[in-house]
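J.: My structure is below; once you've seen it, I'll send some questions.
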Amino acid sequence: MRKSFVLTAILLAGFGVNSLFAQNVTTGAADASAGDLESLKARISDQQAQIKKLQQAVEEQQKLLERALQNAATAQPAATPAVAASPQPVSTSNGTAVVAASTTNVAGPVRLVPALGGQPLAYPARQDPDATSGNASPCSEGSPSPTFIHLGNVCIVPIGFMDLTGLWRSENAGSGIGTNFGSIPYNNTVAAKNSELRFSPQNSRIGFRIDGDWKGTHFIGYNEFDFLGTSGATNLTVTNGAFVPRLRLFWVDVQKGKVEFLAGQSWSMLTPNRSGISALPGDIFYSQVMDVNYMAGLTWTRQPGVRVLLHPSEKVTFGLSFENPDQYMGGANGSTAITLPSALSSLAGSQLDNGGSITATVSGTTVTAAANTVLATPTVSPDIIAKIAFDPTSRFHFEVAGIESQFKIWNPNTGKALGAGQHFSTSGAGVQVGLNAAVTKGFRLISTNYWSDGGGRYLFGQAPDVIVRSNGSLSAVHSGGTVDGFEATIKKTLLFAYYGGILIERDDAIDTTGKYIGYGYPGSSQNRVIQEITGGFNQTFWRNPKFGAISLIGQYEYATRDPWAVAAGSPKAANDSTIYLDVRYTLPGSTPKF
């Protein structure tokens, strides 16, 4: 601005000199004298001197401006200081929202915000609307609205999706929208003579994720609900679908350097991972199926616990977890329970978890047993799970996990004196090996395999942990599972197919009555093998990082179960076909990179 003003002054001064010269020349033509000419020359010389001074002033102003610009450039940082990045969720697992694990997070420009303790905290900067957009609504497509919320020095991201699930089964299993693999009806039962068709919003999820940095420590708080809780209402399909929220996940994770600590309710560390040993749902493999009970043969549960992780490098992770224990005798999720000794029928639901069953089999006879309540059975020590994961590239993941459990009961019938009983205990162990590899772009092979001695609870409760002998001693039941398949992404379509299987081995004894007890004994109708073949698609019709996504998910599932013994005239196996069709709106949401 100053430069243009000076130049204007020079031009005006020059214009004045020329006008004056012209005027005096015209006048001098009539009567100019020699003295007048000398006076005019002197005035012209003065004007030229003034012009030269003005030129020098302009040059000085130009130099001052250049120095000021150089100083300003030196005072500002050339680039935003780097902030350590936390692992970001990757591929989807059952289509959860961006942060809950469905799509890759999207972060915008970074600005520094003062954090607690004076440490910088990186958040995507809020952008001003384009000057030509006028007063655009914050909900319009061109608006700069972020997909997260600033609360003090933390970032909160809403997560979740809204589902409407359509379900058709060839047999009326009566298990809701999830498959109870161990109770598929035999085709000679009344349940097998009818099919079922249902709609349900229960698989919808809602929650939030909180991220922040404090004194070089990154923390994540994670919460997630669905609506598959047990409802006290009896008119869910009559007048009111009053489905009850259910806590799925609620944990906090803290990481500083190479050490990480997590506490709360999370997916068990025995659940296969897609990446590392992260507790974020997007880094966990629980298949892409719409079945809310996932796959037969998958090792999983969501339960309280604490874990410590060590990251010696970006490619290797070690983990040690202490999780909620349980003394499980079968009976949950449609599974078949063990047969107890006649003198120890009271163990069902009191010292051994029977999944809330109100009946139990005692020496081949069905009798009434105490119903189990929440956390009613005794436990000795937490389940201890160790895991090591290798991720040499983003396309390959390999892991090995092991579990150790302890079981202990009290037999009130032993001992010489009245009321003097005896303790019996045993231990269980298991190993899980998993592989997740992208053999080509967009095509992944998955295999997870588990074998245990007393770890059947982690197979969706389809196998018992222990049996009880006639004297009260315990024996761990051998059981195992596998899930193998592929996932392929073609543009906006995800295709998947898996095979899953469970094997429960025989573990029997003789009661004091001379009858068989335990599991898998001769003549037993308890499950021996449970298998599933399934496949489907996830078609995304529309997706925007600021507005979410709409998709259609379909799945076909064929499941069978085979008992240890088949009575004369009874079917050798039970089978069921299930079709899922789901419309889903996924909430937008992404966390900034820390």
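The values are calculated or read from the model by the stated rules, or taken from the named source; none is laboratory data. Keep in mind it's a predicted model, so treat the numbers as computed, not measured. Neighbour counts are summed over all protein chains in view; Cβ atoms, including those assigned to glycine, are modelled from backbone coordinates with ideal geometry.
J.: Residues of region 330-371 being polar (S, T, N, Q) and either modelled with pLDDT of 90 or more or over 24 Å from PRO185 (Cβ atoms) (or both), which ones?
T.: ASN333, SER335, THR336, THR339, SER342, SER345, SER346, SER350, GLN351, ASN354, SER363
J.: Suppose we filter ILE510, ILE517, ILE504 for residues that are in contact with an Asp or Glu (Cβ under 7 Å, 6 or more places away or on another chain) and farther than 22 Å from ALA191 by Cα; which single one remains?
T.: ILE517
J.: Name the single residue that is surrounded by the fewest Cβ atoms within 10 Å (Cβ to Cβ) among those in region 268-313 being within 12 Å of the chain's Cα centre (by Cα) and of a type in the set (Phe, Trp, Tyr).
T.: Only one residue fits best here, namely TYR286.
J.: Output the number of residues of region 218-243 satisfying the condition of being under 22 Å from the mean Cα position of the chain (by Cα) and surrounded by 15 or more Cβ atoms within 10 Å (Cβ to Cβ).
T.: Narrowing region 218-243 to residues under 22 Å from the mean Cα position of the chain (by Cα): 218-229.
Of the ones still in play, those that are also surrounded by 15 or more Cβ atoms within 10 Å (Cβ to Cβ) are 218-228.
Within region 218-243, residues that are under 22 Å from the mean Cα position of the chain (by Cα) and surrounded by 15 or more Cβ atoms within 10 Å (Cβ to Cβ) number 11.
J.: Only residues that are of a type in the set (Lys, Arg) and part of a strand (DSSP E or B): list them for region 301-341, please. Steps first, please.
T.: Quick first cut of region 301-341, residues of a type in the set (Lys, Arg) only: 302, 307, 315.
Residues satisfying the conditions are ARG302, ARG307.
Residue by residue, here is whether (1) out of contact with any Pro (no Cβ under 7 Å at 6 or more places or on another chain); (2) at pLDDT below 75; (3) loosely packed, with under 10 Cβ neighbours inside 10 Å holds:
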{"position": "SER19", "(1), (2), (3)": "yes, yes, no"}
{"position": "GLN23", "(1), (2), (3)": "yes, yes, no"}
{"position": "THR26", "(1), (2), (3)": "yes, yes, no"}
{"position": "ALA29", "(1), (2), (3)": "yes, yes, yes"}
{"position": "SER33", "(1), (2), (3)": "yes, yes, yes"}
{"position": "LEU37", "(1), (2), (3)": "yes, yes, no"}
{"position": "GLN48", "(1), (2), (3)": "yes, no, no"}
{"position": "ILE51", "(1), (2), (3)": "yes, no, no"}
{"position": "ALA73", "(1), (2), (3)": "yes, yes, yes"}
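J.: If you don't mind, there's one more thing I want to ask. Specify which of the listed residues (SER452, SER479) is more than 19 Å from ALA386 (Cβ to Cβ) and assigned by TED's automatic domain parsing to the domain that holds ASP326.
T.: SER479 is the lone residue from the list that is more than 19 Å from ALA386 (Cβ to Cβ) and assigned by TED's automatic domain parsing to the domain that holds ASP326.
J.: Okay, moving on. When the residues of region 500-548 are filtered to those that are of a type in the set (Lys, Arg) and assigned to a strand (DSSP E or B), which remaining residue is surrounded by the fewest Cβ atoms within 10 Å (Cβ to Cβ)?
T.: Only one residue fits best here, namely ARG543.
J.: Look at LYS441 and say whether it is without any contact (Cβ under 8 Å) to a residue 24 or more places away in the chain and surrounded by fewer than 22 Cβ atoms within 10 Å (Cβ to Cβ).
T.: Yes: the conditions hold for LYS441.
J.: Could you tell me whether region 290-299 includes any residue that is assigned by TED's automatic domain parsing to the domain that holds ALA559, out of contact with any Leu (no Cβ under 7 Å at 6 or more places or on another chain), modelled with pLDDT of 95 or more and more than 26 Å from ARG248 (Cβ to Cβ)?
T.: For region 290-299, residues assigned by TED's automatic domain parsing to the domain that holds ALA559, out of contact with any Leu (no Cβ under 7 Å at 6 or more places or on another chain), modelled with pLDDT of 95 or more and more than 26 Å from ARG248 (Cβ to Cβ): absent.
J.: Being over 27 Å from ILE277 (Cβ atoms), in contact (Cβ under 8 Å) with a residue 12 or more places away in the chain and among the β-branched types (Val, Ile, Thr) is true for just one of VAL468, VAL483. Which residue is that?
T.: VAL468
J.: Take residues that are touching a residue at least 40 places away in the same chain (Cβ under 8 Å) and aliphatic (A, V, I, L, M) and tell me which of the strands (runs of 3 or more DSSP E) falling wholly in region 184-274 contain 3 or more. Talk me through it step by step, then tell me what you get.
T.: Values: elements: 196-200, 205-214, 217-229, 244-256, 259-267.
Here the list reads 259-267.
J.: Being among the β-branched types (Val, Ile, Thr) and surrounded by fewer than 22 Cβ atoms within 10 Å (Cβ to Cβ) is the filter; apply it to region 570-585 and report the residue that is nearest to THR179 (Cα to Cα).
T.: Initial filter on region 570-585 (among the β-branched types (Val, Ile, Thr)): 578-579, 583.
After this cut, where a residue has to be surrounded by fewer than 22 Cβ atoms within 10 Å (Cβ to Cβ) as well, the list is 579, 583.
Details: ILE579: 11, VAL583: 19 Å.
Of everything passing the filter in region 570-585, ILE579 is nearest to THR179 (Cα to Cα).
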